[in-house]
Structure formats: structure tokens, C-alpha cells
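The values are calculated or read from the model by the stated rules, or taken from the named source; none is laboratory data. Note that the structure is a prediction, hence the values are computed from the model and not measured. We place every Cβ from the backbone using ideal geometry, glycine too, and count neighbours over all the protein chains shown.
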């Protein structure tokens, strides 16, 4: 069967790619667009390493088909920093040492950004529940939670 | 208190700079195993056994090979037999007969998920179709999953003809017990005779997986001239090189292995699974081949650690002095020998200064995936059981559990049951810190309980090579060979900068490939910061020596008349003449004219690794309706020797604690009667998520290791040891019942509480 032609916006850039019917958005990002920042940890929506937003909504890109991205606005980790200026979440993750191996980090950052867009002043519990879909095996989450809350505080000051 | 070496004052060590690989890791730029790509690469896939135990009668690959787009298929026919002798591969002893069989089954498949064949095709879809076209004829055999069942006479034999080693006279009939080991100190029978109180208990634990979020992944490219490149996510690329070259019969120099950024390992990425297959497929197809495991494959076919059955007996005097400790450990090895039962035996009673100890261990085969190292392999299981009995002993004697441990704590000069005498160690300091911590004194809420436990791990050194080059502008490039899993590059750059008195940002550390640097043993055994740090300091000192020589040459004075102070080379005294001090950058600028490039190289076998003791405090709350235990507060205290970058030391404490909490409460391999794994995914194999955990407080104790230039001890593994017993002790306080099995999942806790209630009424 012929491949599907998909047009979308990724990190504010117009993109086009061809994909198989059963190809996931994650595979399209990684294999067709060479955006390997989103990771495959499980391909079943359990680990969150492939988190991206579609029209502002947080999703596991392994659970979305490439064809579903047609006409959509997608944001990935590659679009988070502005030039050489890191997003406050990225900066706080570095300052708090909120990553060890770093494989979950892109997904956690995307999810945290989506949280702060909805709720600029989350409690620790709200942060923990929002990020419950992003598995991290290295940190025990302590420094991740601190970094997100610190970034939120800084972003509120800046707003 | 013991006499301590005083820490010198440091400029950089002990601070918390941003890691050198940080920006790449928060922007998605860092390349992990599956992120590497080569033009023309094929997709490699593995056919796996649907049976837990079966003889392979035949494998027919004709139909698969005939499928358009299939470029190569490999089976057992493509690999030569290997010797069953244990031979060194770097620092490890390896039996390549078993390594080969774990990579690809030969006579039999030994667990569900065991690799049987591999294909390389032009697309994922075609590769999957090809797997379905491979015809394997199996003769299904009876299987055995549980270690206690596997030890019984008449159990299905996993490895034909296996005779237990370590038993005199040797048994005459085969069994699933590969090995019996024993460690004794003093006379336990006499010790128990002197005891006022004796407690003996039996424990059971389940296999748990390392649970790294990044599945195994590699890309192999074999050239027509027989040279090859391998990119892989590994804790040790020299080890991967050794294993692959051996299994493929190649000269080591032909294979260049590059370690990608690694998305977690915890011991599980110290062995090879797909790498030899990818290389063989590439050799056959003349194309690069990429292979990536699915999460399901990771669970079914890469190593969890052992499940175990443990029996512990401890005797003590009324005043709390322990007079004898005895244990029998039965550890699952998976389908090949080599469970971590030996280290399990060695560390069982290590936190205690005892006169009489006896520990016996059995390495038991069953139809499960071969276990792989998991953070302090063997230690968490035996120490969980011993610490749980010590907690019960404290309760029986009505002595505070910290006081009981202080009364018996291992300290400098203590002879461990496994042989050596401890040098300076920080267990007493950790226990004192626990006793004085705000956590230990805080009030508890309804349905809550508090527990604590100690933990010990050996730590290792070993073969390590680094190269530190002084660039012409005075900056430095540090090449190391231990993959960085959690901030290593930061710690090593800090040590180089400290030694050379240059800013941290002037040192750029990279992980070199196997063709660019001498041999490095893997990142494991909590050795990377210790060993590569020691080598880095040695390389930095070599640079100082070489640079002093250059200054001496320029000033026309003897080399020993040049001193290095506060980042400057200067004449040592008035006799040496008056010369303007030079910085390292000044000397770098003229290096070309004074003798050539200045490179510090250190190829060492790092000696003097020192153990790290830890003490954890856990609060748990039980939901009396469901039996669910939640950890509500947690403190991890551990002796780091010297924390180079405290944030990453805390991170190790927290990460180990979180894995231990998972082990204690929710993680387990669940098998059906059919011998198949029922929970090969993150939904059903529950590792702790953010909402499961509280903040994880840490206290870093620093009792310097006198045998490291900066006092470093390995710290990565110890933190996974205390959690299970600490949580079990806390759960006992919260529920009123003592649990002897992991994980302490809600149904088990609820049943234990109900049984206890019924028992009280009856």
C-alpha cells in the first residue's frame, strides 16, 4: 500500500513526510524527521519518554499514528530552548541535577511544560500526579519535582 | 570515634557545577543507543522461544531468506562452540559456552523469550514477516521456575549433566544446583549456645528487573576487510568488545566499539545480548544492521536479578550483643550458572562485628532468563533478610534498633566474615546521624510506622585508563573509558580542574571508544568515580610534572627547582633564580617549541576501593482497607568518603532508595503455571512513579577513603540495600504484623493483617 503524505507543523516549522499506515508519530519524528529527542521506552504509553504536545495537548507519541498528525501543531523537546537560551525548566533541571542518565528527561520536560501551561503554581502533589506518567529509574523523582517547582516559581516571577 | 584523616580544603570538589553533558541532555541532542543511524542500515530482529524449556530439533530458515527484503538470517549454525572453562574477560571470569547460549540458543531453549534466530531486513515490517517464516521444531520439555522446586530431586534438569561444584565428595547425579559456597568465621554452634535469645526466620524474594528506561540498542557495521564498528548502549564497551570478538572469533583490534549515551544500566548493561547478532548479521549482509529491543523483550530476555529463598538465624545476649549469625541463601541464577549468591553470602552479616558467622549459598538454575547484575548484586537480598531479623531481635529485646546496631556495628579493624579487616568505615557515623536526624524523632500519624536498616557494599577498583591532553590554549580534554550514567563526566572534570587549579569549564571530558584509549573495565561495582577519578588525578599530576619540566627548560634551571602552587609554575626558591611565574596556559602556548604536546596518560589497576555503609529510615502508612503500603517519609544516610559533586551523590542515594522501595512494595516477575512471564511491561511490572514517592532526604557522611587521592568511596550501589528491610520494619509498626516476603504488595499485607486479627481472636 502506498505511503501517506502528512503535512504538519513541528516546533513552528512546516514539515512534510511520508509514512506507513501503522507507523507511530514517535517513529515518524525519529525516523522520518530525524528528531530523536523523543525516546521509545515502552511503545505502550506507560513510560512517557516519547511525550510531545499536539495542539498543546500532552500525548505519548507512541500511541498516536503518524497520519493523525496531519494538519497538527506538534512540539517536541527540540523546540523547547529559544536559540541559546534554555527554557527555565531546562535550566532548573541542570541546576538541580534533576537528571542522571537523561533518557527520560525530554519527556519529563515536555510534560512539565504542559503542566505549567495549565497550572503555573502546582503543589508538590499536583506535580507528582501530573508527572506520574513519566517514568524515571535513576533519580527517585526528588530533584525532578524540586526543579519543576523551582522553575514554576521563577516563571511566575517573570510573568 | 575513630581517628580520621582530615580533608584538605578544596576549591572545586564539593561544589555543584552543571554537568558537561547537561545541555545536550535537556535539549534532546544527546545520542542514546537507538538514536544512532547509518545510511543503508538494515533492521535486525530476534525470533524468541515461546516455550520455557524445549529441545530444538531443527531450524529451517529457507522461507525467511526467500522473502524479498531479507538480507541475512543467523542461527546457532553461524556461531562456533565455545569452551565451558571460566576465563578472564577483563576483570570478569566468563564462561563463553554459556554467554554464547544466552545470545543464541543451541541444543535447547531454556526460558520463554530465549533467542533462537535473528534476521536483518530492509524494513521493520519485512523483518517481522521474516521471523514468522522461520520454522523451528521444538520438543517441549518439562520446566521448573521456582528455586526451591528446582533443588528437589526429580526436578526437570535445566542444564543436562550439571554436577554441583563446591561439594565434597562431588554428587553422582546431576541437579540444578550449580554451586555451593560457604563462608565461616568462628563457631556458630558455640555462639548459639551462649545466646539468651535466638530468632530464626525464612524469607522469599522475587526477581526484579533493573528497569532502565532505555531498551538495549546497537548498530553494527562490518566492512568487507573484516574491520567492524559497533555503537551500543553499554556500561562497558571494552567488555562488549571482548565478548563480541570472542563469540565471532575475531581479533580484538578489528572491532571498534563506541558507547552511546546510556539510558540507565544498573548492572543490566554489563553483558551482551544483540551485539554479536547484529555484527554477524552485518557480516553476512554486508550492510550496517541496527537492533533495538522492545520493552517486552527487555523484560523477557534481559537479566533481572535473582529471586531467592533465605533462612536466617541470629542469637544474642540480653544486652543486645549478637553472638552468632547463620544464613542459608538459595538464589536463582536463571538458566545458566552465575547468580550473585557469593557476594550475597559475603555481605549478609557485613554491617556487624561478629565472632561467629556461617553463611551457605546455593546457585540454582531454573527456566528463567539468566540473571544479570543489578546494583549491588546479591547484597540487597541477603541483607534484607538479616536486617529484618535484627529488627525483630531489637523488638524482642526491647532495644532501640539503632542502639542495637551501634552495639554490634562493624568499624575500623572489624574482621568481616568474608575475610578482610575493615579500614576506616563510616557505619557508626551513619547510625549516629540517623539517631540524631529530625526524621528519627518526628511524630508519626495514624496507621504509620517507622523502620530503619543498615547496608553494606564492597565497591571495586580495577583496570582504568584515561588520557588528559593539554590543548594549545591551556584548556584540557579528558578522555575516559567508563560510560557516564549519572554525572561521572562532571566529577572527573572537577577532579582534573582541582588538581590543575584551572576553572572547571576549561576541562572537557568525553567518553572515548575502545580504539582511542587503553583498556577500561566497565562502569559497575561503584567504581567509575573512584577508579577513573584516581586515574584522572594521576594524569593531571603527570601534566604538572611535564609542565614543570618545560618551565625548567625555559628558565634553564633543574626540573626540581620548579614548584607548582595555586595554578602557577614558579622557581622553587631564591637559588632557582628570578623568573616570572607561568600558568598552565602559558606553558601550553609554548609546548610545541619546548618538546611537543603535553598529554597526561594513566593506565592503572585502581587499588584501595573501600566499602560504603549506609543507613536508611523509612516511614510507611498502611491503608487498613486495602493493605496498600505507602512510603510517607524517607531518609538515606551514607558514607561517601568524599562527595565530589554532592548533587550526584544525593542522586545515587535517592535513586537507589527508589529502586529499593519498588523492590519492597510493587516489583516482581510473575510467572504462570505454563512457565511464561505474565507481566512483561511497565503497566503490570510496577516501578515507582512520581506519585508513589515522597521527597527522599539525604545525609552525606564523609569518612575519607585513605587510599584515594581525594578520599572517594564508591557510593552507587549501597543505597539499594537498606530500603527493603527498613520498609519491612516500618510496615511491621504500621500494621502490627511482620512480613517475610517481597514485594509487600496489598493482597499479601491485607491477608497478613487479617490472619493476625483472626489469630488474636482464636
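Remarks
- Residues considered: B:518, B:567, B:573, B:577. Of these, the only one that is more than 22 Å from the chain's Cα centre (by Cα), surrounded by fewer than 17 Cβ atoms within 10 Å (Cβ to Cβ), farther than 30 Å from residue A:140 by Cα and in contact (Cβ under 8 Å) with a residue 40 or more places away in the chain is B:567.
- Looking only at residues of the stretch B:665-692 that are closer than 18 Å to residue B:210 by Cα and within 7 Å of another protein chain (Cβ to nearest Cβ), we find that the one that is nearest to the chain's Cα centre (by Cα) is B:687.
- When residues in the stretch A:22-47 are screened for being at the interface with chain B (Cβ under 7 Å from one of its Cβ atoms), over 27 Å from residue B:23 (Cβ atoms) and in contact (Cβ under 8 Å) with a residue 24 or more places away in the chain, 1 of them pass.
- Being over 20 Å from residue B:101 (Cα atoms), crowded, with 22+ Cβ neighbours inside 10 Å and within 14 Å of chain A (Cβ to nearest Cβ) is not true of residue B:314.
- All positions within the stretch B:527-548 that are under 24 Å from residue B:609 (Cα atoms) and touching a strand residue (DSSP E or B) at 6+ places or on another chain (Cβ under 7 Å): B:527, B:530, B:531, B:532, B:534, B:535, B:536, B:538, B:539, B:540, B:542
- Residue in the stretch A:65-74 that is farthest from the other protein chains (Cβ to nearest Cβ), counting only those that are on the phi < 0 side of the Ramachandran plot and surrounded by fewer than 21 Cβ atoms within 10 Å (Cβ to Cβ): A:70
- In the stretch B:617-637, the residues that are surrounded by 24 or more Cβ atoms within 10 Å (Cβ to Cβ) and more than 14 Å from chain A (Cβ to nearest Cβ): B:617, B:619, B:620, B:622, B:629, B:637
- Out of A:109, A:99, one residue alone is assigned to a helix (DSSP H, G or I), facing chain B (nearest Cβ under 7 Å) and either free of Cβ contacts under 8 Å to residues at least 12 places away in the same chain or buried (at least 23 other Cβ atoms within 10 Å of the Cβ) (or both). It is A:109.
- Among the conditions (1) modelled with pLDDT of 95 or more; (2) surrounded by 14 or more Cβ atoms within 10 Å (Cβ to Cβ); (3) over 24 Å from residue B:330 (Cβ atoms), residue B:137 misses just one, which is (2).
- Conditions (1) surrounded by fewer than 21 Cβ atoms within 10 Å (Cβ to Cβ); (2) farther than 18 Å from residue B:583 by Cα; number of the one not met by residue B:501: (2)
- In the condition set (1) more than 22 Å from the chain's Cα centre (by Cα); (2) away from chain A (no Cβ under 14 Å), residue B:711 is compliant with all but (1).
- Counting the residues of the stretch B:420-432 that are surrounded by fewer than 17 Cβ atoms within 10 Å (Cβ to Cβ) and without any contact (Cβ under 8 Å) to a residue 40 or more places away in the chain gives 2.
- Set side by side, the residues B:626, B:620 differ, and just one is in contact with a strand residue (DSSP E or B) (Cβ under 7 Å, 6 or more places away or on another chain) and at pLDDT 95 or above, which is B:620.
- Residues satisfying the stated conditions in the stretch A:120-155, i.e. more than 8 Å from chain B (Cβ to nearest Cβ) and in a loop (DSSP other than H, G, I, E, B): A:120, A:121, A:122, A:123
- Test for residue A:86: is it under 27 Å from residue B:15 (Cα atoms), surrounded by 24 or more Cβ atoms within 10 Å (Cβ to Cβ) and within 7 Å of chain B (Cβ to nearest Cβ): no
- The listed residue being more than 20 Å from the chain's Cα centre (by Cα) and touching a residue at least 40 places away in the same chain (Cβ under 8 Å), out of B:319, B:363: B:319
- Any hit, the stretch B:570-588, residues being touching a helix residue (DSSP H, G or I) at 6+ places or on another chain (Cβ under 9 Å) and closer than 30 Å to residue B:640 by Cα: no
- Within the stretch B:213-266, tally of residues that are within 12 Å of chain A (Cβ to nearest Cβ) and on the phi > 0 side of the Ramachandran plot: 2
- Residue check, residue B:71 more than 14 Å from chain A (Cβ to nearest Cβ) and either in a loop (DSSP other than H, G, I, E, B) or crowded, with 21+ Cβ neighbours inside 10 Å (or both): yes
- Within the stretch A:48-61, considering residues that are surrounded by fewer than 24 Cβ atoms within 10 Å (Cβ to Cβ) and in contact with a strand residue (DSSP E or B) (Cβ under 7 Å, 6 or more places away or on another chain), the one farthest from the other protein chains (Cβ to nearest Cβ): A:55
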